[in-house]
Every structure is written in C-alpha cells, then in structure tokens.
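First comes the structure, then the notes that go with it.
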Amino acid sequence: MASQWLKARQTKYAAFATIYILVVLAVVVIANVLADRYNKSCDTTSNKRYSLSEQTQKIVGGLKQDATISYFNVSTRFGEGRDLLSEYASLSPKVTVTYVDPQKDPEAARAAGIDHIPAVTVATDGRTNQAVSVNEQGITGAFIRDISGSVRTVCFVTGSGEHSIDDSGADSLSDLKQMLADDNYETETINLVTSDTIPASCTSVVIAGPTTNYLQPEVSAIKSYVENGGRAMFMIGAPLQFGQEPIAENNALTSLLQSWGVTADEDLVLDLNPIGQLYGVGADVPLAHDYSSQPIVAGMKQITTGFPLARSLTVANGAKTSVQQLFESSDSSLATMNLNSPRVNVRDPNNRRGPFILGVAGTYSINKPNEQGRFVVVGSSDWATNKFIGVLNGNSDLAANAINWLCSDEDLISIRPKPPEVQHITMTDAQMTMVRVVSQFVLPLIVIIAGILIWWRRR
C-alpha cells in the first residue's frame, strides 16, 4: 500500500507542488535579504530620470561633516518624498533623514521657517538652508549653499550690446543666472563704460557677446583684472556683417586675447554633418562631442554641446600664459571667411576644413605664490542663451562648469541634475492608420486563428 501511495499521481503532484512552493519561498527570502543589505537599482530612462546626478553623488558622497535632511509634510504623505530622500541617505553614512509633520510638531516647522508643505531643509555644521523645490535640483542646491558658506559673485559686463541676465527672452541669459543661483552664486551687472575698474566683489567676470566695440579703457580694466589674479569668461561669436544688427569686430578686445595666446579668427564655422537635425539645429550650429582632459570638460564624455554662429580659435602659449583646448568641431566642419552674406558656398576653395578649436581655457601667471589669473574663451555667444542652453543639455553643464573652474570651485564641476524629460511620439497619418489596423484587427485575428488551430489539433 505504501509503495502504491508513493507511486500515485496525486502524491507526485503534491510533491512537485511542495518543492515548487519551497523553491519560490527560498528565492523570495533570498531576494529580500539581498535587497535589504544592498541598495542597487537600474535606471533605463534616457536622461536617468530616476537616478541622482553625478553632481549630487560627488557633493553628498564626499561629505566630511554630518548632514540632516528634514522633510516636512503631513504624515500620511511622507511616502511622496521617501524614495528620493532614501537615495540621498544611501550616498553617505553622514546623511540622516528625518520626517516632520507640521500639524503634529508645529514648533519644529516654525523654527525651520516652513510656511508651506511639502518642504525640505538641509542642515550641516550649524547652517540650515531650505530647498527651493522638493526635487534633486532644489535639495542639492541646499547642500551647496550649506557647504560653500561664502558668497561668490559672478559679474556680467553690460553697455556694449551683451546678452542680458535679467530679461527672459530667447536671447537672454536668465536661465544661466538661475543655474548659477542653484550653485550658490550671486550675479550682478557692471558697466565698464561708466567705471574703468572691475569691483573687488566680483569673483569672476563674464563678457557675453558684445555687439559693439569695447573702448580701450574697458579693455584695459579687463586686462588689469585678469593679470592681477582675476577670472573672466569671454563669449565672442563670429563678427557677422549682415542682418539688422551687424556684430563689431572688437579689435581691442580680440587683441587682448591674442596677447594671452588666443587668436579669435574672423570666420564662421559651419558643420555639414546632418546629425545636427536630431537636435533641431542647422549647419550654423557646429556640434562638439570630443573634449580634452581639462577639468571643465573632463567629465563630459558622450555629451553633445552646440555653438551657434561660432568662430574658430587659434591657441599658443605665451610667456606668462598657458592655454589648453577644451573642445573642437567635427571633421565635417568648414570655416568661411565670407561674413557679409548669409549665403555660403560650401565648395568655395577659400574655405578651410575642420576640425576647428571652439573653446579654450587658460591661466595667467602673476607674481604671487599660489595665485593665478584664469580665463575661458568660447568662439560663440549664443550657446549659453535661453534658446540653446535648454535644447542642448551639454551647454548648461559646460557653462556652469566653466564658472566653477574660474571661481576655483573645482569640487562643484560635474554633470548636473536634468529636469524631467517629456517625450512624445510623432507619427504621420499613414503611421497612425497602420497602428490602428494592427492593434484593432491584425493582432486580434492572429489570436483567434491560433485558438482555432489549437482547438482543431486537440479534436
């Protein structure tokens, strides 16, 4: 009887089911133990929407002091911030996350200055900053403000048709201004026409696309500033002589750059590679994909930047300057010297063939130990404006990294958090018809036919 019971079909099925259940339970238990001990995830989104950026990992992972992140919300909604804040806590053992319900603990909310929920504060070394938004950009910005402590001011030169940091138009730099604020930089404008010196409060100076000539006193002020240890970024595009507002050649300013080893060529760089169409730009926006080992761009591998209406640069080290290339245009680029007409003959034998240097960084040796002047030159001025800094995400990283390097904030140089990406599928009428036919008729018909065939075979 016992042997017959063991050989019975029901006994075999019961044994198989028991073993199967035990195996599944073992897998579930092991998976939970591993998940509890090791925090690993895989983000397959195109812009790594669900992963903390390189900048956040660098700043939070390198903390040398304890930090507390406080999340303020009603207790039933703590889960809204738990996933993001858990990622911060996993970056460093020095990070502690607390959750506060202002309704249950109004004194804590009042002490932190919380007047709305949800809200996040970051506290380190006795300093507390509230995040401007409850996302990675806001929280990491609060960490930066806590860690830096000191005020750094980026001064934008005005008075000669430069891009504005206060307007919100497509040709302004208001988005760049906000990015700098997220990195704890203050911004202000200075006019060298009315003052022949650069204020001592300026940590760095930006000359963003002047359309009229700088006077010699303005150039002398910039020269004296950099050669005495100041920091400056020059964004100077091609001196185009057509359109409603021709761009001045600015010989006094370009002569200063040439004395430092950077020659701004009088040409216009075009990129004939059709890959620009993927980014919605034309040949007048040469793209850069390859970068040097200079700290500004060392971490920008496989990131695309674009430089509209750019001119090429020629570099050479001087007696007191050391100049390093940052990036260049592609092999398919060319440079035309015809700056008087929007029509370009790509077969003109006078055209030069690329690649061309589009951006450089340099240092100026001064007679003070451990001090140096620094400068960055980009042969385009529109690349950092609102209409391009958002389309080509690499441009925003490049602009912020350049300011970080100029201000000796190398620890902040990295790839920054990107806003959530909204992706749409655009189809023609024919493609829409094809999708409708396949989903409503073809696929159901395949299932019906397969069912009939299986039924027929079983018959």
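The values are calculated or read from the model by the stated rules, or taken from the named source; none is laboratory data. These numbers were taken from a predicted model, which means no experiment stands behind them. Virtual Cβ from ideal backbone geometry, glycine too; neighbours counted across all protein chains shown.
Quick rundown of the values:
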quantity	calculated
Qualifying residue in the stretch 427-439 (condition: surrounded by 13 or more Cβ atoms within 10 Å (Cβ to Cβ), modelled with pLDDT under 90, closer than 30 Å to Ala316 by Cα and not charged (D, E, K, R))	no
Selected residue (criterion: modelled with the highest pLDDT) from residues of the stretch 224-278 that are closer than 18 Å to Gly209 by Cβ and aromatic (Phe, Trp, Tyr)	Phe234
Every residue from the stretch 330-362 that is surrounded by fewer than 18 Cβ atoms within 10 Å (Cβ to Cβ) and outside any loop (DSSP other than H, G, I, E, B)	Arg352, Arg353
Flag if Asp182 is in the same structural domain as Pro308 (by TED's automatic domain parsing) and acidic (Asp, Glu)	yes
Criterion: in a helix (DSSP H, G or I), in contact with a Leu (Cβ under 7 Å, 6 or more places away or on another chain) and crowded, with 18+ Cβ neighbours inside 10 Å - qualifying residue of Gly237, Gly276	Gly276
Selection count where residues are surrounded by fewer than 22 Cβ atoms within 10 Å (Cβ to Cβ) and either part of a strand (DSSP E or B) or not assigned by TED's automatic domain parsing to the domain that holds Arg353 (or both), scope the stretch 307-322	4
Long-range neighbours under 6 Å by Cβ, at least six apart or interchain, first residue more than 21 Å from Leu173 (Cα to Cα) within the stretch 196-217, second part of a loop (DSSP other than H, G, I, E, B) and of a type outside the set (Lys, Arg)	Pro217/Asp196
Residues of the stretch 363-373 classified as in contact with a strand residue (DSSP E or B) (Cβ under 7 Å, 6 or more places away or on another chain) and either more than 24 Å from Asn395 (Cβ to Cβ) or surrounded by fewer than 16 Cβ atoms within 10 Å (Cβ to Cβ) (or both), total	5
Tally, over the stretch 327-368, of residues that are more than 26 Å from Pro246 (Cα to Cα) and touching a residue at least 60 places away in the same chain (Cβ under 8 Å)	6
Unique residue being assigned to a helix (DSSP H, G or I) and either in the same structural domain as Pro369 (by TED's automatic domain parsing) or closer than 28 Å to Ser322 by Cβ (or both) when the list is Ile165, Ile222	Ile222
Any pair with Cβ under 6 angstrom, 6 or more apart, that starts in the stretch 76-102 at a residue that is farther than 18 Å from Ala142 by Cβ and ends at one that is in a loop (DSSP other than H, G, I, E, B) and modelled with pLDDT of 90 or more	Asp101/Val74
Candidates Val157, Val132, filtered to the one that is part of a strand (DSSP E or B) and either of a type outside the set (Asp, Glu) or modelled with pLDDT of 90 or more (or both)	Val157
Residue among Asp196, Asp175, Asp166 that alone is surrounded by 14 or more Cβ atoms within 10 Å (Cβ to Cβ) and acidic (Asp, Glu)	Asp175
Exclusive hit being at pLDDT 85 or above, surrounded by 20 or more Cβ atoms within 10 Å (Cβ to Cβ) and over 27 Å from Ser204 (Cα atoms), set Gly81, Gly113	Gly81
Criterion (buried (at least 20 other Cβ atoms within 10 Å of the Cβ) and closer than 24 Å to Leu176 by Cα) met by exactly one of Val154, Val100, Val132, Val95	Val154
Among (1) out of contact with any helix residue (DSSP H, G or I) (no Cβ under 9 Å at 6 or more places or on another chain); (2) within 26 Å of Ile389 (Cβ to Cβ); (3) aliphatic (A, V, I, L, M) - the single one Met337 does not satisfy	(2)
